[in-house]
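The values are calculated or read from the model by the stated rules, or taken from the named source; none is laboratory data. Remember, it's a predicted structure, so these values are computed and weren't measured experimentally. Neighbour counts run over all protein chains shown; Cβ positions are idealised from the backbone, glycine included. In case anyone asks, the SASA skips ligands and DNA or RNA and just uses the protein heavy atoms, side chains included. Shrake-Rupley method; radii C 1.70, N 1.55, O 1.52, S 1.80 Å.
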Amino acid sequence: MNSQRAYPKSFSFELFPPKTEAAELALKNTVAQLRQINPSYCSVTFGAGGSTREKTFETVVSIQEGMGIACAPHISCIASTRSHIREMLDAYREQGIKRIVALRGDMPSGMLTTGELRYANELVEFIRQETGNDFHVEVAGYPEVHPQAANAEKDLLNFKRKVEAGADSAITQYFYNAEAYFRFIDDCEKQNINIPIVPGIMPITNYTQLARFSELCGADIPRWIRKRLEVFGDDRVTIRTFGIDVVSKLCRRLLEQGAPGLHFYTLNQSDATLAIWHNLGLHGNNPA
Ligand code: FAD
């Protein structure tokens, strides 16, 4: 774990592009709240197969230009072409965007062709070929192993391919088992993977939604957490109190052990993330 201590800490927030005007206003409010804690940057997701391409672009530009927070678009290569990706890179470069989260993405239902780039390592390589070092490139890491990976060892070697292709840093899939992250970092060290690997943090606010996401992305909800959440049912207040306590303790442990920051999956809500942040005693710090 020691290698991660050497990196400056990065605290970032992930958002998704809003679909309606009301959601757009709510997002502005969320970002205004999150701005209080001076994030290193915000990132904006990319809908499956590019379904939110324009909306991701607009959201990124409005946060970076309109609200003065560095913003990183997610780009996925599945079901896309080199020329489409080139256009996006050019457009982001023109807007002064400096950071990109490069992903393979998941195949949208109904689409049959995988696209010209098959895996995220090919996307990273393409971004480097096209744009040199203009962007800081982030990739995804999976402490609990990507659900489609043949096995943990191959998944780690595939993660290494992204780093060798030119990734500058990584954000992990969310997890509630700190040991999985520590083990992943140890395995990366053995493979000479030398980049900051920032834990992805999913606040717990809604059990049904969390169970659905976790099933899809292969994140484990430990039994002791699941069993309690099941009992809370629709009691949002109790879920929130329990979730903030559990996730704050997880974050504290990760930071104490040397994690180079935290990346919060906010789901466009500031409340739980800010409560965790305050519990960590990071309030008032300038993490950037
Ligand atoms: P890859 O690194 O390409 O890995 C995908 C699978 O293929 C793994 O099982 C890996 O072991 C295997 N593999 C990788 N390279 C090779 C290779 N060269 N040969 C053989 N096998 C290989 N999805 C979205 O649609 N939009 C988003 O905005 C988005 N944001 C995300 C942000 C974060 C921080 C994370 C962790 C995930 C995000 N995702 C997003 C989900 C992500 O797209 C999925 O997890 C997807 O299934 C894998 O993407 P990847 O970039 O990790 O793929």
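Over the Cα atoms of the chain, Rg to Rh with Kirkwood Rh, two decimal places? Don't skip to the answer; put the middle values down first.
Numbers: Rg = 18.2 Å, Rh = 19.4 Å.
Checking Rg against Rh, the ratio lands at 0.94.
When ligands, DNA and RNA are left out and all protein chains stay put, how many square angstrom of accessible area per residue does segment 49-136 have with a 1.4 Å probe? Write out the running numbers ahead of the final one.
Values: 4300 Å² over 88 residues.
In whole numbers, segment 49-136 has 49 Å² accessible per residue.
Going highest first, how would you order 216-225, 267-276 by mean Cβ packing within 10 Å? Walk me through the numbers before you get to the answer.
Details: 216-225: 14.4, 267-276: 19.9.
Put in order of decreasing packing, that is 267-276, 216-225.
In segment 53-95, carbon and sulfur make up what percent of the accessible area (probe 1.4 Å)? Walk me through the intermediate numbers first.
Working: 860 of 1870 Å².
Carbon with sulfur: 46 percent of the solvent-accessible area.
Do the sum for the chain: with -39,500 (n - 2.57) for every DSSP H run of n ≥ 4, divided by all residues, what is the mean residue ellipticity at 222 nm, to the nearest 500 deg cm²/dmol? Helix-only estimate at 222 nm: -14000 deg cm²/dmol. Bridging of K19 to lysines at a Cα separation below 30 Å is possible for K28, K55, K98, once same-chain residues fewer than 8 apart are set aside. With all pairs of different C-alpha atoms in the average, the Kirkwood value for the hydrodynamic radius of segment 206-273 is 13.2 Å.
When Rg and Dmax are taken over the Cα atoms of segment 45-153, they come to 14.1, 44 Å. Over segment 1-53, the hull volume per residue, using the convex hull of the C-alpha atoms, is 106 Å³.
Here is the list for segment 1-76: trypsin sites (Lys or Arg not before Pro) lying in DSSP coil, each with at most 14 other C-beta atoms within 10 angstrom of its C-beta, are K19.
Does anything in segment 255-283 have its amide N under 18 Å from the 7 Å Cα→Cβ label point of N2, and if so which residues? Inside the label zone: 256-260.
Histogrammed with a bin width of 10 Å, the alpha carbon distances of segment 9-83 distribute as 19, 51, 24, 6 percent, first bin at zero. The amide H of A72, built 1.01 Å from its N in the peptide plane, has C42, S43, V44 as neighbours under 5 Å, considering only residues 5 or more places off or on other chains.
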